[in-house]
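A short write-up of the structure that comes next.
The values are calculated or read from the model by the stated rules, or taken from the named source; none is laboratory data. As the structure is a computational prediction, the values presented were derived from the model and not from experiment. Every residue, glycine as well, gets a Cβ built from its backbone with ideal geometry; the counts of neighbours run over all protein chains shown. Ligands, DNA and RNA are excluded from the accessible area calculation, which covers all protein heavy atoms including side chains. Shrake-Rupley method; radii C 1.70, N 1.55, O 1.52, S 1.80 Å.
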Amino acid sequence: MILTTCPCRATATTPISYDACCRPALEGTKPAATAEALMRSRYTAYVVGNLDYLIETVAPEARHDIERGSLESWSKESKWHGLDIVETVDGQPGDKTGTVEFVAHFTRDDKRQTHHERGTFRFGEPGNHWYFIDGVKPKGKTIVKDQQVGRNDPCPCGSGKKYKKCHGVAA
C-alpha cells in the first residue's frame, strides 16, 4: 500500500505525509515520542497491516491475550477512515504513563463503525519506548440533576439544544 497522507490525521487542518508522521515509527527508525504518537502509529499499523508493530508495541506483560489472527482480520477486513484523538492525559516526554482517548473510524461488513477507547500507555523497558498496556470503553459523562431545568433552558447533557427539544421530550 502506497500512502502519501498519513492515515492517523495527525493534524486536522493540514494533512501531514506518512513519511514524516508514522512511517519512521512503524519501520523502527524513530520510536514514538509520546503516548499519543504511539496511539497514532498503532492506528496506522492497522491501516497498513503491520501486525508485528502492533504486537511489539504492546507492553510485554500485556501480550498474553493477543490473538494475531484477530488483529489480522480486523486490519485486513476493515476500510479505515481516520482517527480522532478525544483527550490525552500525560504521556509526554519525561512522563512514565499516559492515557489517550480516541475514536477510530472504519467500515467492516459494509457497515460504518467506530471504536471508542481510552488507552493506557507506559514508558520504559525493554528498549525505553512507549508501550500500550490496555484499553477500556470510556464511561459516559454523568449528569447531575441538582436544579430544575426549564423547557427553554439548555439541556444539561451538553448537546446545545433546548431541554424541550432534547431530553425534555415527553415519552
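Do we find a residue being of a type in the set (A, V, I, L, M) and either more than 21 Å from Arg118 (Cβ to Cβ) or at pLDDT 95 or above (or both) anywhere in the range 63-76?
The answer is no; no qualifying residue exists.
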(request) Please verify whether the range 34-43 includes one or more residues that are more than 17 Å from the chain's Cα centre (by Cα) and farther than 19 Å from Pro138 by Cβ. (result) no
(message) Considering only residues that are assigned to a helix (DSSP H, G or I) and open to solvent by less than 50 Å² (accessible area, probe 1.4 Å), which ones fall in the range 70-96?
(response) Leu71, Ser73, Ser75
(request) Look at the range 97-125 and say how many of its residues are at negative phi and loosely packed, with under 13 Cβ neighbours inside 10 Å. (result) 5
(request) State which residue pairs qualify: first residue basic (Lys, Arg) and inside the range 70-85, second residue not in a helix (DSSP H, G or I) in any location, beta carbons under 7 Å apart, and separation of 6 or more residues or different chains. (result) Lys76/Gly49; Lys79/Phe106; Lys79/Thr107
(message) Out of the helices (runs of 4 or more DSSP H) lying entirely within the range 1-59, which hold 3 or more residues that are within 20 Å of Asp90 (Cβ to Cβ)?
(response) 35-48
(request) Taking the residues in the range 49-65 that are touching a helix residue (DSSP H, G or I) at 6+ places or on another chain (Cβ under 6 Å) and aliphatic (A, V, I, L, M) as candidates, determine which candidate is surrounded by the most Cβ atoms within 10 Å (Cβ to Cβ). (result) Leu54
(message) Against the condition surrounded by 13 or more Cβ atoms within 10 Å (Cβ to Cβ), over 19 Å from Val86 (Cβ atoms), of a type in the set (Val, Ile, Thr) and touching a residue at least 60 places away in the same chain (Cβ under 8 Å), how does Thr34 come out, does it pass?
(response) no
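Take Thr120 and decide whether it is of a type in the set (Val, Ile, Thr), touching a residue at least 60 places away in the same chain (Cβ under 8 Å) and assigned to a strand (DSSP E or B). Spell out how you get there, then give the answer.
Numbers: of a type in the set (Val, Ile, Thr): yes; touching a residue at least 60 places away in the same chain (Cβ under 8 Å): no; assigned to a strand (DSSP E or B): yes.
Spelling it out, it is not the case that Thr120 is of a type in the set (Val, Ile, Thr), touching a residue at least 60 places away in the same chain (Cβ under 8 Å) and assigned to a strand (DSSP E or B).
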(request) Looking only at the range 46-65, count how many residues are without any contact (Cβ under 8 Å) to a residue 24 or more places away in the chain and under 18 Å from the mean Cα position of the chain (by Cα). (result) 3
